[in-house]
Amino acid sequence: MGALTDKYCIVGVGETAFMKASGRTPLSMACEAVKRAMDDAGLGARDIDAITSFQIADSTDVANVAQALGIRMNYGSVAYSGGSTTEALVAHAIGLIEGGYCNTVAIFRAMNGRTGRRMGGQAPGGVVPPSRAEGDAQFYMPWGFTTPAQHFAPSAMRYLHDFGATTKSFAEVATAFRYHASLNPKALMRAPITIEDHQRSRWVAKPFRLLDCCLETDVASAFIVTSRERAYDLRQPPVFIMGGSARTYADNPAWNHSRQRTYIQAGHFARQRVWGMSGIGPQDIDVLSIYDAFTYTVIIQLEAYGFCGIGEAAEFVKGGRLRIDHDLPTNLSGGHLSEGYAHGVALVNEVVRQLRHRADDACPGWAEGRHSYDRAAGCRQVREARFGACLGWGTETRGSSLILRSLSA
Amino acid sequence: MPGPIDYSKINIIPDPDTVEWWEGTKRHKFLVRQCKNCGHKWFPPFPACAKCTSMDLSWFETAGKGVIHSYVVVTQPILAAFVPAVPYVVGLIELDDCHEPDGSLTRVAGVMIDDEDAVAIGLPAEVVFEPTGDPNFVMPRWKICGTAQNTWKFNE
C-alpha cells in the first residue's frame with residue numbers, strides 16, 4: 001500500500017451537457033462544470049482553494065474561472081498537456097494538500113473540442129489551414145502525419161500484424177461502449193451499433209474507421225479532490241483514492257532509437273507501481289474506464305496494466321467482456337467514443353458515480369442510490385461496484401492511472 | 001500513385017537543432033544525429049544522446065534504405081497540403097544502417113511514393129528526394145525498392 005492510500009477522496013463531480021456546438025465560451029462551460037461539482041459535493045466557493053486544468057488546443061485559464069465563481073485560490077495552475085493529464089492532476093492535488101499548500105482542489109477540462117480549436121489543429125471546416133511545421137512538427141507535419149488517428153494507426157497496424165488480430169476486436173470495443181451510452185442520458189451517441197455497422201463505417205486512417213474514433217465534443221467536466229477528514233462531512237459518499245500513476249513515459253515508437261514494440265504503451269512501465277501502491281490488482285476491478293481516443297487505445301491499455309497479456313486483448317474483448325453484467329464493465333458512460341470526448345475527466349466522473357452507487361441513469365431513485373439493474377429500463381449501475389480504475393492515455397508514450405474504491409469496499 | 005502534395009501550404013520553420021538536417025536534404029542526404037562520444041545514432045535530431053547524455057554530436061549520412069515496419073493509409077486529409085494526395089501511405093521505416101549492437105534502431109516516418117496496394121510490412125524501401133517548389137526545401141519520400149519473403153498487408 002502507498003503512504004497516502006485512502007487519505008484523499010473525490011467528493012464532487014459535474015459537467016456541462018456534451019454538445020456538438022455549444023455556442024458558449026470554454027470559460028462559461030468551465031464555470032458550470034466546476035459549479036456543478038461543487039453543488040454535488042455540497043461545497044461553496046469559499047471551500048475551494050485550488051483549481052487546476054490542462055490545455056492542448058481549446059481551453060480556458062483557471063484564474064478566470066476562480067474570478068468568475070468568487071473562488072480565492074491558494075494554488076492555481078494550467079498544465080500544457082493532453083490526454084492522461086486528468087489522473088496526473090489528481091497526484092498533483094494530493095501532493096499539494098498533503099504539503100499544506102491548499103485544502104480542496106477542483107480539476108476541470110473545458111473545451112469547444114468540435115467548434116473551437118480542434119485536436120490536430122483543424123479549422124471547424126475540417127482541414128488545417130497553411131500550417132507552421134516547427135519544433136518536432138518539422139518531422140511529422142511535412143509527411144502528412146499529424147492527427148491522433150494518423151499517429152496511432154501504425155501502432156495498431158503492427159499489432160494486427162504481430163498477433164494475427166482483425167479489426168473485429170476494435171468493433172467489440174465500439175459496440176460495448178455504445179451499448180453503455182444507450183443507458184446514459186448524457187451521451188451524445190446513444191443509438192446502438194453492431195459489429196457490422198462498425199465494419200461498414202468509412203475509413204479515416206487505416207486500420208481505423210469512423211467508429212474507431214472518439215467524438216469531437218464541446219464540453220466541460222470537473223471533479224473535486226480533498227482530504228478524507230473533509231470528505232466525510234460532505235454531501236456524497238466519498239470515493240477513496242488508493243493509488244495511481246502520473247504521466248509515465250515510454251519511447252516514442254514512431255521514430256527515434258527505439259527497441260520498443262509499437263504497442264507497448266507507457267502504462268506497461270507503471271503497472272507494478274500502480275497495483276503495488278493500491279494494494280489490489282486488475283482482477284479486483286469492478287468498474288473500469290479506459291481512455292478511448294480510439295477503440296485500439298483500449299486494447300493496448302488492457303494489456304499495459306495487466307488485465308491480460310501482451311497480444312491477448314483482441315481475444316479478451318470478444319463476447320462482450322467489456323459490457324455491463326459481464327466480466328469487466330468498462331466505460332459505462334459510453335466513454336469518449338459515445339458519450340463524448342472530454343479529455344479524460346468525464347471518465348473519472350463515471351467511475352466515481354458508479355462507486356457511489358449513484359450512476360445518473362433512468363432509475364427514478366438513482367440520486368439516492370436506488371437502482372433496478374434492469375438494463376432494458378435504462379439502468380446502468382453495476383451491482384456492488386467496490387473497486388474502480390481509470391486508465392489515462394496520452395499517446396503510446398505517456399499514460400496515467402487512478403485506482404479508486406467505494407466507501408463500502 | 002498518390003496525388004501531389006501541395007508543399008506551399010506547409011511553412012517549415014527550421015531551428016538551430018534542425019537547420020543542418022534540412023540543408024542535408026537539399027544535397028539529397030538523409031542525415032541522422034550521431035554521438036561523438038559513444039557512436040549512438042538517432043532521429044529526429046534531438047540535441048543530446050539518449051545513451052550517454054553527451055551533447056557533442058555529429059551527423060551520420062545514412063544510405064536511406066530500410067524495411068517497412070508499419071504504416072497508415074490516410075484516407076481523410078487534415079492538412080490542406082495533403083488534400084490532393086489522399087489516399088496516401090505514411091510508412092514507418094527501420095533504417096538498415098542504424099541498427100546498433102545493443103538492439104537500438106532508428107525508425108523514420110515518411111510519405112510513400114507507392115500506392116496502398118503496393119505497400120506491405122516487411123518490404124524494403126529507400127528514400128527519394130522530391131522538389132517542393134521552394135528552392136529552400138527538398139522533401140524526403142520513400143519508395144519500395146525490392147521484394148521480400150513474409151510480407152504482410154492490411155486487407156480489410
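The values are calculated or read from the model by the stated rules, or taken from the named source; none is laboratory data. Computed from a predicted structure; not experimentally measured. With ideal geometry, Cβ positions are generated from the backbone for all residues, glycine too; neighbour counts draw on all protein chains shown. These accessible areas exclude ligands, DNA and RNA; they are computed on the full protein's heavy atoms, side chains included. Shrake-Rupley method; radii C 1.70, N 1.55, O 1.52, S 1.80 Å.
For A:Tyr263, the requirement of being assigned to a helix (DSSP H, G or I), more than 27 Å from A:Arg383 (Cα to Cα) and touching a residue at least 40 places away in the same chain (Cβ under 8 Å) is not met. Among the residues of the range B:1-42, those that are at the interface with chain A (Cβ under 8 Å from one of its Cβ atoms) and farther than 22 Å from B:Leu57 by Cα comprise B:Ile5, B:Tyr7, B:Ser8, B:Lys9, B:Ile10, B:Asn11, B:Ile12. Only a single criterion out of (1) closer than 30 Å to A:Asp162 by Cα; (2) open to solvent by 10 Å² or more (accessible area, probe 1.4 Å); (3) in contact (Cβ under 8 Å) with a residue 60 or more places away in the chain is not satisfied by B:Ala85, namely (2).
Please determine whether any residue of the range B:110-130 is facing chain A (nearest Cβ under 10 Å), without any contact (Cβ under 8 Å) to a residue 60 or more places away in the chain, more than 25 Å from A:Tyr263 (Cβ to Cβ) and not aromatic (Phe, Trp, Tyr). No, the range B:110-130 has no match at all. For the range B:47-97, taking the residues that are hydroxyl-bearing (Ser, Thr, Tyr) and more than 8 Å from chain A (Cβ to nearest Cβ), the one that is nearest to A:Arg202 (Cα to Cα) is identified as B:Thr62. Just for the range B:12-28: of the residues that are open to solvent by 70 Å² or more (accessible area, probe 1.4 Å) and without any contact (Cβ under 8 Å) to a residue 12 or more places away in the chain, which one is farthest from B:Phe129 (Cα to Cα)? Taking the candidates together, the pick is B:Pro16. Checked against the criterion of being without any contact (Cβ under 8 Å) to a residue 24 or more places away in the chain, open to solvent by 10 Å² or more (accessible area, probe 1.4 Å) and farther than 20 Å from A:Ser221 by Cα, the range A:285-305 has no qualifying residue.
Within this structure, B:Ala148 fails the test of being among the small types (Gly, Ala, Ser) and in a strand (DSSP E or B). When A:Pro148, A:Pro154, A:Pro207 are screened for being at pLDDT below 95, within 14 Å of chain B (Cβ to nearest Cβ) and over 23 Å from A:Leu347 (Cβ atoms), only A:Pro154 passes.
In the range B:29-59, what residues are open to solvent by 50 Å² or more (accessible area, probe 1.4 Å) and closer than 18 Å to B:Cys98 by Cα?
B:Lys29, B:Lys36, B:Asn37, B:Cys38, B:Phe46, B:Pro47, B:Ala50, B:Lys51, B:Trp59 - these are the residues of the range B:29-59 that are open to solvent by 50 Å² or more (accessible area, probe 1.4 Å) and closer than 18 Å to B:Cys98 by Cα.
Yes or no: the range A:163-178 includes at least one residue that is open to solvent by less than 30 Å² (accessible area, probe 1.4 Å), aliphatic (A, V, I, L, M) and within 12 Å of chain B (Cβ to nearest Cβ). Within the range A:163-178, one or more residues are open to solvent by less than 30 Å² (accessible area, probe 1.4 Å), aliphatic (A, V, I, L, M) and within 12 Å of chain B (Cβ to nearest Cβ).
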